[in-house]
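Data first, discussion second: the structure below is written as structure tokens.
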Amino acid sequence: MSRVRADEEEYWHSSKFRAFTFDDEDDELSQLKESKRAVNSLRDIVDDDDDDLERVSWSGEPVGSISWSIKETASGSTSSLDGRDSSLQKGSSSYAALPKQASSYSLSSLFKGRNKLSSFQSLSDALTDTGVKSYAPELRRPKAEYKDYSSDWSPKDTVRRMQRGKVCSLERFRSLQDKLVLLDEAVAGHDGNVITAVLIFLKRTLRREILFRELEVRQVALCHLIHFLKETGEQKFLLDLLRFLDRTEEVALSQYREHLNIQDVEKRREFLKGCIGLPFSAEDTSHIQDHYTLLERQIIIEANDRHLEMAGQSELFRKYPRKASILNMPLVTTLFYSCFYHYTEAEGMFSSPTNLKKTFKIPDKQYVLTALAARAKLRAWGDVDALLTTKNWLGYTKKKAPIGFHRVVEILQRNNAPVQVLQEYVRLVEDVETRLNLATKYKCHDVVIETYRDLKDRIQLTAYKCKVERGSAEEEKINSILSN
């Protein structure tokens, strides 16, 4: 009896569990961590989305097979019977033993980081296993993170989120009223990007007639849409919108702008000829007519000059070869070209500068400025003098420059005109201070000396004597004036 009693005492005072220590590497927590590391390492070689993998229980039998079902059923029955027997032996008849649960682990669940037991990942695991990336179990993301894609946002909230750069779906706004409220909120937000985004959505989801009718009373949104269509080149949609708004002149200008996309010269000329009859204003109609006439002249001049250049019959083309074609050039460029290569031609020729001036009503100031630049580039100083010389009704000649002689001097100096030519036109500058500045800047000594003499400024003349060369004609001229 004493031995039996000693065995009972040893049983009740003994335990197979040891006290927990942080340094113990063999406890169940460490074993569980190692098991999780192995599971996570298997994830790298197994596809997460493969739900067709065969699930295998810890016994090695495929889950769902006949042998697995028999064993699981048998084990469940045995555990149930054993539980009942033990409960009966202990005299506890008030509680029935629960049947043993089927195996809750499989390779598929381990690969995906899922299990059925709630104790597999505990708070202690989350606190201690920080160095290993955990895939088991995977928690569902909070619902708040999915609100960007939900249908709970009002038009005002949607516009605010779009202004902050958030992704918002506009497809939930299905009724016309909701779409118009969304557009009004976007306009009230004064954000051009948001307004354009909403307009693109309305353009895609509404019929044109409905969209045009609603935009007619929303001028801010209408201006945004017109600008957007012009930038994206949606010409047909733009023309339909302008016709609906009865903006005939804008329709005509939009159609006229299409000539920029026509590369062939003959097709462009025919297109411009057809644009003359469009409902432009009187001023715009004149410009369209001039554009067509200019292109027609350019085609004729280009054909003749190309023939002369290839035949080598013109000395001017041999000395100064053409750098580019004249086709599709502006009127001022065409006038410069004509003054450079065809300055002496009669007025009846299409390439004559005077013919261009008369046909397109070029102002005198523009004509003189362009012709002066062209002839100065050729260093044709005689033509420059003739261009600036006028004759009155009594037959007297006089130098006259519509652009001002100070600009004439600047153009001549830019083309390396000699000092004698420069001095002639510097003397004609009326403002004394401007004349002295130009004469000093371009070293026109005679003009400076004569101006100081006329001003009777002995001090400035004496000071300027130091700026000319010793023994030069300018120094002798200064000495002569000072001694008189």
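At a glance:
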{"quantity": "Yes/no for Ala417 being in contact with a Phe, Trp or Tyr (Cβ under 9 Å, 6 or more places away or on another chain), at negative phi, crowded, with 16+ Cβ neighbours inside 10 Å and part of a helix (DSSP H, G or I)", "calculated": "no"}
{"quantity": "Number of the exception - Asp290 against (1) surrounded by fewer than 17 Cβ atoms within 10 Å (Cβ to Cβ); (2) acidic (Asp, Glu); (3) without any contact (Cβ under 8 Å) to a residue 60 or more places away in the chain; (4) out of contact with any Asp or Glu (no Cβ under 8 Å at 6 or more places or on another chain)", "calculated": "(3)"}
{"quantity": "Unique match (being at pLDDT below 85, farther than 23 Å from Asn416 by Cα, surrounded by fewer than 15 Cβ atoms within 10 Å (Cβ to Cβ) and among the polar types (S, T, N, Q)) among Asn479, Asn484", "calculated": "Asn484"}
{"quantity": "Filter pass, Glu296 being over 30 Å from Val217 (Cα atoms) and open to solvent by less than 40 Å² (accessible area, probe 1.4 Å)", "calculated": "no"}
{"quantity": "Where Phe271 falls short, out of the listed (1) touching a residue at least 24 places away in the same chain (Cβ under 8 Å); (2) in contact with an Asp or Glu (Cβ under 9 Å, 6 or more places away or on another chain); (3) assigned by the TED database to the domain that holds His342; (4) assigned to a helix (DSSP H, G or I)", "calculated": "(1)"}
{"quantity": "Any chance Glu266 is in a helix (DSSP H, G or I), surrounded by fewer than 11 Cβ atoms within 10 Å (Cβ to Cβ), at pLDDT 90 or above and at negative phi", "calculated": "yes"}
{"quantity": "Qualifying residues in the stretch 352-362 (those that are open to solvent by less than 60 Å² (accessible area, probe 1.4 Å) and under 18 Å from Tyr292 (Cβ atoms)) - the one farthest from the chain's Cα centre (by Cα)", "calculated": "Asn355"}
{"quantity": "Check on Val447, more than 54 Å from the chain's Cα centre (by Cα), modelled with pLDDT of 90 or more and over 27 Å from Phe317 (Cα atoms)", "calculated": "yes"}
{"quantity": "Helices (runs of 4 or more DSSP H) fully within the stretch 187-249 counting 1 or more residues that are of a type in the set (S, T, N, Q) and surrounded by fewer than 16 Cβ atoms within 10 Å (Cβ to Cβ)", "calculated": "192-205, 219-232, 235-244"}
{"quantity": "Leu438, sole failed condition from (1) touching a residue at least 40 places away in the same chain (Cβ under 8 Å); (2) in a helix (DSSP H, G or I); (3) hydrophobic (A, V, I, L, M, F, W, C)", "calculated": "(1)"}
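The values are calculated or read from the model by the stated rules, or taken from the named source; none is laboratory data. Note that this is a predicted model, so its numbers are computed, not measured. Every residue, glycine as well, gets a Cβ built from its backbone with ideal geometry; the counts of neighbours run over all protein chains shown. Side chains are part of the model used for accessible areas, which takes the heavy atoms of the whole protein and leaves out ligands, DNA and RNA. Shrake-Rupley method; radii C 1.70, N 1.55, O 1.52, S 1.80 Å.
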